[in-house]
Amino acid sequence: MATVIKEPPVPTDAEWAERLDGFVQRAHEASIALRKLDQEAVDRIVWAMTVAGLENAVELAELAMEETHFGVFEDKVLKNYIATEFLYDYLRDKKSVGVIDEDRERALQYVAEPIGVVLALLPITNPTSTTLFKSIVCAKTRNALIMRPSPRAVRCCGRAGELLQEAGEAVGLPPNSLQVIPDPSLEVSQYLFHHPGVDFIWTTGGPKAVAAANAAGKPCLSVGPGNAPVYVHRSADIRMAVMDMLISKTFDASVICPAEQTCVIDEEIYDQVVDEFQRMGARLLTDQQTDALAARSFTDEGKVQLDVLGQSCVNLAGLAGFEVADSDKVLLAPLPADLDALAAHPFIAEKLMPVLGLVRSPSVEHGIRACELVTEHFGLGHTSAVYANDDEVINRFSLAIRTGRILVNAPTAVGALGGVYNSMTPTFSLGCGTWGGSNTTDNVNYRNLLNIKTVSRRQTPPQWFRVPSDTYFNPGSLDSLRQLDASRPMIVTDRWTVARGVAEEVRHYLSAGAVHVYSGVEPEPTEAQIRAGIEQLEQVNADAIIAIGGGSVMDAAKAMRLFHESPQLSIRELSLPFLDARKRIAEFPQIDHKVRLVAIPTTSGTGSEVSPAAVISVGQRKVTLVDYSLVPDMAIVDPNLTLTMPKEITADTGIDALTHALEAAVSIFASPFTDAFCVQAANLIFTALPRAYHDGSDLEARTAMHNAATIAGLAFSNAFVGLNHALAHPVGARFGIAHGRANAIFLPHVLRYNASLPSKFMPAPGYSAYVAPEKYAEIGRILGFGGHTEQDRRERLFTHVDELLAEVEEPRTLADCGVKRQEFEAALPELAKAAFADPSIRTNPRIPMIREVLELLMAGYSQTA
Ligand SMILES: NC(=O)c1ccc[n+]([C@@H]2O[C@H](COP(=O)([O-])OP(=O)(O)OC[C@H]3O[C@@H](n4cnc5c(N)ncnc54)[C@H](O)[C@@H]3O)[C@@H](O)[C@H]2O)c1
Ligand SMILES: [Fe+2]
């Protein structure tokens, strides 16, 4: 709000200041006592205060009339009823002390605390009703309240405060919980605004009061003036609209901030509306009368003349030099339809008297624009209304008009206070949003006067263990392919598998006649290979994919199905980095697959046949897609298919499987379910891998290895992998090193790294103690590697890993793999960044610092553990 505040000098009169300090001190003492009250005591006090307000509503209205000389007595009584009865009805079942709300599912509790000492400024327009309202709200919230009334409403506000304090005190309200300052000068406000003992300012007033309170530099809630426009669309119920506006505009002679100020009426119904207004007792002014009244109502600077406030029609006409009938309820002032002329007219402003501006509107667009224009004259944030029976018009109006309350087919003055024509919260404090200098657009009530603490209990999200629906294993299990119910299956594989005659063998088990084969996949598959596969899928309109090959083939097939079924998705979007898989923004389709996916591994390593992951090469990067929608529908784990694996591939893939088991075992998502699978997988690998490596035809060893790879796959499908994979992915992609081999290089280093004291722990509620070192030791113990101490058992596991790597002749460093030092060093920064961004790192038990990632990468280059 652009109002310039001229701060009056704060008097230095010591006695004066001492007197004000006294108010604050007493309020402070009351606030301490108030904080000790429980809900029951508070509600008893609120009841007693409400009763006092109701019983004295008439007396207080009389006093307000006597003192302010404006408004309508009967309506002032009504306002007092609203401020007590409606408020009580709203507050009666509300908790305001201690735990007021709870969200068990999210383990959150909300605990209410009072603010302390609240300084309230009261308006001249609703003096007693606002006193009653603010007093009861402060009692409900256990705040001590100091009220500074408008200079022209000191006695009635004082009396209202006194009555409520007495009634409350009789049932336990601490003394001085409510105080009304009898000296309402600006200096008092300024002094108290800056008083260290005042915790909160709650202003109701004009733009200057709002701006001054906001400038005080302490928490405050300021609500300012309104200038409510009303748009009457041609679809409106005219009789209802007219009656509503008359009820509302005459309410307390319109000295209430949400009252209707300017009514914008569609051209087609303008005359009808005006006729109805006149039939119901309003008077249409001539242009000359309008101008005379406008001139009399405002000063040349546009300030409202105090003697017109809340006057009857007869009095107003008299002041402006013309005559109207006693029975005239509201004066209708025709205003220009031209928007510039309207903006320049004095009556575009708030008219706190029974004068309603009328604008004839040629279109909905013009009508809404005219209403916006009205709000722009000190009405932003407050209240507006639309009369229409056309939802599109109502929506357009609601989107365009910037007011905190938009009433549809209801009067604004009575409607905005809440509870009469709608279910809004009852209030005498209408938040005007930032547009009006308030920090809320709420119908302000008890919640705005509380400090609400959130008590949030630690939550450990539930975990899961998911496995694909069918897994067939052991030699000969390929036969289960016969159960596949598909009429147009397509085989996805690579040319080497085709060359070994495996694709042909698979065909025998399929009942369908012609089976198409796509054999364009290569190790570390690329997007282009996947796109080419999708084209063929579409050509043959396949209803099942049979992926037979290593991890590369299975991953390619997973991606093919994904992008075939959801062509609108992109790799870029689905592979966005994430911190927590459950909160990530990439959205995978939650669909029933149209195409079945059967995964038949021919290597014993990746576990891709059961896993939710697919690794794809994009340029020199490896991108991991992870989602359970990628899991194949059927896995056939037939070791006969692995007998042809050369030694190197046996070793690489076997170590990949071991890495899966050892990473899943210490992952932050490890669970007793996955632990069981990790241990058994490692157990099988330590025994069977050397045998399968030295004698590829050893079917027993091949069977154990094949099962072990799938078992490890089940573990990491649920617990995921870690830093080892995060390092292997970029290094493998950059230097063309097979996935398992890249894992082998880092495995000894990562084990020791995770076993040492972390410089940074991974925040994970389910991982409440750093158990990685213990878990390695436990695996060593179960596998029977011996050792007396925990450290010993852990070391023995690590030594067994080193020995296994040596046994299967894995190169131990990147240098051994032929990577040139210079090339490696040049690539280091990029590798470290890529490793840090790899999703696998998110489940590692410790967060690696970039510096540590670099150290591990360098260790992988030249050191053996
Ligand atoms: N999806 C997952 O969960 C997951 C997990 C780990 C690794 N991966 C990915 O899997 C890929 C590695 O898969 P991989 O290790 O199975 O290797 P691969 O699929 O790349 O195959 C390597 C080579 O071995 C050949 N081959 C496969 N089976 C054979 C057999 N029985 N006889 C003879 N030759 C055979 C292939 O034709 C290929 O030339 C990498 O891209 C890796 O990132 C995926
Ligand atoms: Fe892997």
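Please treat every number below as a calculation from the coordinates, not as lab data. Computed from a predicted structure; not experimentally measured. Note: ideal-geometry Cβ built from the backbone for every residue, glycine included; neighbour counts use all protein chains shown.
I want to check the label-to-label distance for Glu113 and Gln863. Put each point 7 Å from Cα in the C-beta direction and report it in nm to one decimal.
5.0
Could you go through segment 332-345 in sequence order and give the Karplus-derived ³J(HN,Hα) for each residue, using 6.51 cos²θ - 1.76 cosθ + 1.60 with θ = phi - 60°, rounded to whole Hz, and x for Gly and Pro?
For segment 332-345, the Karplus curve yields 9, 9, x, 10, x, 7, 5, 5, 5, 5, 4, 4, 8, 6 Hz.
What distance in nm separates the simple spin-label points at Leu186 and Glu538, each placed 7 Å from Cα in the Cβ direction?
7.5
Along the Cα-to-C-beta direction of Glu504, a point sits 7 Å from the Cα; which residues of segment 625-660 have their amide N less than 19 Å from that point?
Correct set: 640-645.
What's the exposure ranking of Ser297, Ser862, Ser604, going from fewest to most Cβ atoms within 10 Å?
Ser862, Ser297, Ser604
Using Cβ counts within 10 Å as a stand-in for footprinting exposure, how do Arg458, Arg842 rank, fewest first?
Going from sparsest to densest Cβ surroundings: Arg458, Arg842.
What are the residues whose amide H is under 5 Å from the amide H of Val232, where those residues sit 5 or more places off or on another chain and H is modelled from the backbone?
Excluding prolines and chain starts, which carry no amide H, the hits are Val264, Ile265, Asp266, Tyr387.
State to the nearest 20 debye the size of the charge dipole of the chain about its Cα centre, where the only charges are +1 on K and R beta carbons and -1 on D and E beta carbons.
Here the size comes out at about 1700 debye.
If packing is taken as the average count of other Cβ atoms within 10 Å, what order do 434-443, 781-790, 547-556 fall into, highest mean first?
Ranking the peptides 434-443, 781-790, 547-556 by packing returns 547-556, 434-443, 781-790.
Rounded to the nearest 0.05, what FRET efficiency do Glu40 and Glu392 give with R0 = 30 Å and r taken as the Cβ-Cβ distance? Could you check?
That pair, Glu40 with Glu392, gives E of 0.05.
Round to the nearest 0.05 the FRET efficiency obtained for Ala764 and Asp479 when R0 = 35 Å and r is the Cβ-Cβ distance.
0.20
What FRET efficiency comes out for the pair His28/Glu166, r = Cβ-Cβ distance, R0 = 30 Å, nearest 0.05?
0.90
Only bridges whose two residues both fall in the chain count here: according to DSSP, what percent of them are antiparallel, nearest 5?
25
For the residues Phe720, Phe836, what sequence is obtained by ranking on other C-beta atoms within 10 Å, fewest first?
Phe836, Phe720
Between helix 821-837 and the chain, what is the angle of the helix's C-alpha long axis to the longest principal axis, kept within 0 to 90° and rounded to the nearest 10?
50
Tell me what the chain gives for mean residue ellipticity at 222 nm when only DSSP H runs of n ≥ 4 count, each as -39,500 (n - 2.57), the sum divided by the residue total, rounded to 500 deg cm²/dmol.
-14000 deg cm²/dmol, from helical runs alone.
Kindly write out, for segment 226-239 in residue order, the coupling ³J(HN,Hα) from the Karplus curve 6.51 cos²θ - 1.76 cosθ + 1.60 (θ = phi - 60°), rounded to whole Hz, with x marking Gly and Pro.
Here the 3J(HN,Hα) series is x, 7, 7, x, 10, 10, 10, 7, 4, 7, 6, 7, 5, 4 Hz.
How far is it, in nm, from the label point at Glu648 to the one at Lys303 when both lie 7 Å from their Cα along the line to the Cβ?
Each label point lies 7 Å from its Cα, and together they span 9.4 nm.
Full-extension gain between Ser570 and Ala676, please, as 0.36 nm times their residue separation minus the C-alpha to C-alpha distance.
In short, 34.5 nm is gained.
What does the extension gain come out to for Glu66 and Asp580, with contour length at 0.36 nm per residue minus their alpha carbon separation?
178.4 nm
By how many degrees, 0 to 90 and rounded to 10, does the Cα axis of helix 267-279 deviate from the longest principal axis of the chain?
Approximately 40 degrees, to the nearest 10.
Subtract the Cα-Cα distance of Ala514 and Asp271 from 0.36 nm times their separation in residues, and report this length gain in nm to one decimal.
Answer, rounded to one decimal: 79.5 nm.
If I fit a long axis through the Cα atoms of helix 57-68 and take the longest principal axis of the Cα atoms of the chain, what angle between them do I get, 0 to 90°, rounded to 10?
Long axis of 57-68 versus the principal axis of the chain: about 70 degrees.
Classify segment 790-857: rounded, prolate or oblate, from the alpha-carbon gyration tensor (a ≥ b ≥ c, eigenvalue square roots; a/c under 1.5 rounded; otherwise prolate if a/b is larger than b/c)?
oblate
Ranked highest first by the average count of other Cβ atoms within 10 Å around their residues, in what order do 133-146, 417-430, 461-474 fall?
133-146, 417-430, 461-474
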